[in-house]
Amino acid sequence: MSALVLSPQEKDPFKIVAAINQLTQGRSNAVGSVTLTANAASTTVAAPNCAAGSAIFLFPQTANAAAALATTYVQAANVSKQQFVITHANNAQTDRTFWWVALG
């Protein structure tokens, strides 16, 4: 669920209040969904609000994602500006789908 994005020069108090309300209701532009790349040992995720030092949390959406959770992770060294890399088992499954959250 994405939130309203404001310009640093925004002056309209209604837009500013709307953005704050969306944040308090749980909306964030630091979330997404990713399906692990089949027949590969890693998947790169574009995450516009991600930066080095961000903490990445993965939550399985599918049964195969839940089964892969023990071997699926993000190393701190693989988190950078606007992207992160998920390391995972190399197999042919095409439905290992996760929600992700990038904080920090």
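Structural remarks
- Set 55, 51, 46: member being touching a Lys or Arg at 6+ places or on another chain (Cβ under 9 Å), surrounded by fewer than 18 Cβ atoms within 10 Å (Cβ to Cβ) and of a type outside the set (Lys, Arg): 51
- Odd one out for residue 24 among (1) loosely packed, with under 13 Cβ neighbours inside 10 Å; (2) under 30 Å from residue 66 (Cβ atoms): (2)
- Long-range neighbours under 6 Å by Cβ, at least six apart or interchain, first residue farther than 15 Å from residue 72 by Cα within segment 88-104, second surrounded by 14 or more Cβ atoms within 10 Å (Cβ to Cβ) and β-branched (Val, Ile, Thr): 102/56
Every read-out reported here was derived from the displayed coordinates using simple, explicitly stated rules and does not represent laboratory data. Computed from a prediction, not measured in an experiment: that's the story for all the values here. Here Cβ is always computed from backbone atoms with ideal geometry, including for glycine, and neighbour counts include all displayed protein chains.
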